[in-house]
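J.: This is the structure I have questions about; it appears just below.
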Amino acid sequence: MSKQKTKSKKQTRAFLPTFFITLFALSALGGLYFIIQGDNLISDVFPFANWGNNQNVSSKTPQQNGYGLVVESDAVENDYFDDAAFVGDSLTVGMKLTDYVNKNNLFGIVGVGIKAIKTEKDTFNGKETTALKAAGSMKPKKIYIMLGTNSIGYTSTATMIEQYAEVIDLLKKSNPNATFYIQSIPPMTKSYINSNPRFKPKQFAEFNEELEALATAKECYFLDTYSLFVTESGYLPRDLSTDGLHLNQDAYDIMFEYIKTHTVQN
């Protein structure tokens, strides 16, 4: 064996310990840096840190100190609704089945869509006018809005949200100091949807998700009444409906139990 080869092997043996010591030192320093920096560094370096645990970052996170989804609170009495106006379609009209709200505080029109409610007239407390004007003239301190059932399947979600924003703006213009609650629309039964090809369960989930975002953007509070009724497959249970579309007395009892335990005190 030549002297040159012997020298090369000695150099290699001398280099390896130094290399591994250096590598170990760098790894240790890197680990120490991550420990010092904490979770903020991890989330910056690994943007998918929440992957597989999306519930933590979903739109269903309650806005405890702001607008959006209302967190659970102590139950209020029925007189909480004495200065509240309820605006909507036949689902709002159906609240007359209950004793939770004064009938004169209900401003619903059967069959009305989001766009049409701005102009369509009906008789409210003896006067023919629009639901928005009638609700506004009451000068309520709280306004509950539930619209979309008569628009879904006929109008795109984007257009529905645009129209809904206009409704909120009009009501806020006449009632700038009122507290606004936006209610998600309930699902429909499986048999009703199967008999009406315009409707798809995913449309309700999509619209309500966008509606929650709109509520936050418009500084309103959001009530997830959709989740009260929807089954895992996306439908309304048949025993909570009168015809597959409308809610029955039991459903309204469930709804108001939820509403009464999800209020904000301003």
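The values are calculated or read from the model by the stated rules, or taken from the named source; none is laboratory data. As the structure is a computational prediction, the values presented were derived from the model and not from experiment. Glycine gets a Cβ as well: all are built from the backbone with ideal geometry, and neighbour counts include every protein chain shown. Side chains are part of the model used for accessible areas, which takes the heavy atoms of the whole protein and leaves out ligands, DNA and RNA. Shrake-Rupley method; radii C 1.70, N 1.55, O 1.52, S 1.80 Å.
J.: Using a 1.4 Å probe over the heavy atoms of the protein chains, calculate the carbon and sulfur portion of the accessible area of segment 138-217 as a whole percent.
T.: Exposed carbon and sulfur together represent 50 percent of the surface.
J.: By the scheme Lys and Arg +1, Asp and Glu -1, what is the net charge of all other residues having a beta-carbon under 12 Å from that of T98?
T.: Taking every Cβ under 12 Å from that of T98, the sum is -1.
J.: In whole Å, what is the distance between the alpha-carbon centres of segment 226-250 and segment 175-218?
T.: 14 Å
J.: What GluC sites (Glu not before Pro) in segment 140-245 are in a loop by DSSP, with at most 15 other Cβ atoms within 10 Å of the Cβ?
T.: Of the GluC sites (Glu not before Pro), the ones in loops of segment 140-245 whose Cβ has at most 15 other Cβ atoms within 10 Å are E219, E232.
J.: Mind listing which trypsin sites (Lys or Arg not before Pro) in segment 128-197 are in a DSSP loop and have 15 or fewer other Cβ atoms within 10 Å?
T.: K141
J.: Local charge sum around Y235 (other residues, Cβ-Cβ under 13 Å, Lys/Arg +1, Asp/Glu -1)?
T.: Around Y235, the charge tally is +2.
J.: Using the Karplus equation 6.51 cos²θ - 1.76 cosθ + 1.60 (θ = phi - 60°), what ³J(HN,Hα) coupling, rounded to whole Hz, does each residue of segment 198-213 give in order, writing x for Gly and Pro?
T.: Here the 3J(HN,Hα) series is 5, 9, 9, x, 5, 5, 5, 5, 5, 4, 5, 5, 5, 5, 4, 5 Hz.
J.: In this model, which of K115/K218; K121/K190; K133/K200; K103/K260; K127/K190; K103/K202 are farther than 29 Å apart at the alpha-carbon?
T.: From K115/K218; K121/K190; K133/K200; K103/K260; K127/K190; K103/K202, over 29 Å: K121/K190; K133/K200; K127/K190; K103/K202.
J.: Among the aspartates and glutamates, which fall within straight-line cross-link reach of K172, defined as a Cα-Cα distance under 15 Å, with same-chain neighbours fewer than 8 residues apart omitted?
T.: Hits, sequence-local ones excluded: E219.
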